[in-house]
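Participant: Would you mind keeping the following structure in view while I ask a few things?
The values are calculated or read from the model by the stated rules, or taken from the named source; none is laboratory data. None of these values were measured; they are calculated from a predicted model. Backbone-built Cβ (ideal geometry, glycine too); neighbour counts: all protein chains shown. When the accessible area is computed, the model is the full protein with side chains, heavy atoms only, and any ligands, DNA or RNA have been set aside. Shrake-Rupley method; radii C 1.70, N 1.55, O 1.52, S 1.80 Å.
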Amino acid sequence: LDISDNKLKDLPADLSGLKKLTVLDGYKNLMTKFDDNLCALVSLQELNLFNNKIFKVSPKINDMVNLRMLNLASNKLKTLPNIDGLIKLKRLALFWNTILQLPPLKTQVELEELQLQQNILQSPPEFGDLVSLRELQMSKNDMMKVVPSSVGLFKELREIHCANCSLLALPEELAGLPQISKIMAGHNSITVIPAGIARLKTLATLDVENNKIEQLPGELSEAGSLVNLFFANNQVSALPQFLLSLPALKRVTLGGNPLDRSEDAVRQVHDDLEALIASRQGKFTGL
């Protein structure tokens, strides 16, 4: 059922009678509440309320045990009630709200995509063993200082996005994720790339631009799948020779670091790396 873009302030009164309804698109309306009538739609599997004005969600949301996809992005939410009953969720979208705190997410073992970016979270929710999670989006939560060590439990995780927060470090536990291919952690206050993360065999993209990193760890030479390495605007003062040996590397940014191109060692690696990336038809943004 599609009731999108109708300037609705409330759901139609008789909608709660549609006990067999499985999909409801209600995005781009003016609804302010996720009320008990909506929670009565217990057969719903997909619910899209993107771009409304919802500021409150009824605790009875836990009656909606068949939900696979819940999109409450771009609303007025500051928090959510406990959602332990939503054990079949595969996608939960909460971005573009003003959420300060979330309840624990421990029972959503089928969850594959969690989108929490662009809120005001001071810390992530307490996570359980989200064994199916593939993508975790937490970027642009300006006050968030920590990525919890529990991310090491997410053995199916492919992507973690935690840019534009206030992180001081990346958790070592990321090194134990056998599927991880993308780490987006730019615009933080990170000082070190942990050795275990640097040697990840599956890592294709590492973005740590605009941090406070002083050196690229030698273990990065083991990152044989690395295609994109973005470390512009840090405190790196030397270019390691091993960058020239990374077999998949095609895109590099390194400007804005205190690298002295007049030094022979820096100039040689810089110029050789630029030529290597060009030969692979990649993109190099140097000094």
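Participant: Can you give the accessible area of residue 53, probe radius 1.4 Å, in Å² rounded to 10?
Facilitator: 90 Å²
Participant: Under 24 Å from the Cα of residue 201, which lysines turn up, not counting those fewer than eight places away in the same chain?
Facilitator: Within reach: 155, 182, 250, 283.
Participant: Which loop-located trypsin sites (Lys or Arg not before Pro) does the range 109-204 contain, where loop means any DSSP state but H, G, I, E or B and the Cβ has at most 13 other Cβ atoms within 10 Å?
Facilitator: Taking the range 109-204 and a limit of 13 other Cβ atoms within 10 Å, the loop trypsin sites (Lys or Arg not before Pro) found are 201.
Participant: Go through 88, 9 and list them by solvent-accessible area, largest first, probe radius 1.4 Å.
Facilitator: Ranked from most to least accessible, the order is 9, 88.
Participant: Using a 1.4 Å probe, how large is the accessible area of residue 165, given in Å² and rounded to the nearest 10?
Facilitator: 20 Å²
Participant: Same structure again: Whenever you get a sec, compute what percent of the accessible area on the range 83-237 sits on carbon and sulfur atoms (1.4 Å probe).
Facilitator: Percent of accessible area from carbon and sulfur atoms in the range 83-237: 50.
Participant: Determine the share of the range 1-56's accessible area contributed by carbon and sulfur atoms, expressed in whole percent, with a 1.4 angstrom probe.
Facilitator: Carbon and sulfur together cover 50 percent of it.
Participant: A further question on this structure: Heavy-atom accessible area per residue, the range 1-152, 1.4 Å probe: how many Å²?
Facilitator: 47 Å²
Participant: Right, here's the next one. In debye, nearest 20, what is the charge dipole magnitude of the chain about its Cα centre with +1 on Lys and Arg Cβ and -1 on Asp and Glu Cβ, if you could check?
Facilitator: It works out to roughly 760 debye.
Participant: Using alpha carbons only, how many degrees (0 to 90, rounded to 10) separate the axis of helix 264-279 from the longest principal axis of the chain?
Facilitator: For 264-279 against the chain, the angle is about 50 degrees.
Participant: Estimate the FRET efficiency between residue 169 and residue 55 by the formula 1/(1 + (r/R0)^6), using the beta-carbon distance for r and 30 Å for R0, to the nearest 0.05.
Facilitator: Rounded to the nearest 0.05, the efficiency is 0.30.
Participant: Right, here's the next one. Using a 1.4 Å probe, what is the accessible area per residue for the range 218-259, in Å²?
Facilitator: For the range 218-259, the solvent-accessible area averages 37 Å² per residue.
Participant: On to the next question. What are the semi-axes of the equivalent ellipsoid of the range 180-287, taken as the square roots of 5 times the eigenvalues of the Cα gyration tensor, listed largest first and rounded to whole Å?
Facilitator: 19, 17, 12
Participant: Now a separate question. Quick one: P(r) of the chain from all Cα-Cα pairs, 10 Å bins, percents rounded to integers, in order of increasing distance.
Facilitator: 7, 26, 27, 19, 13, 7, 2, 0
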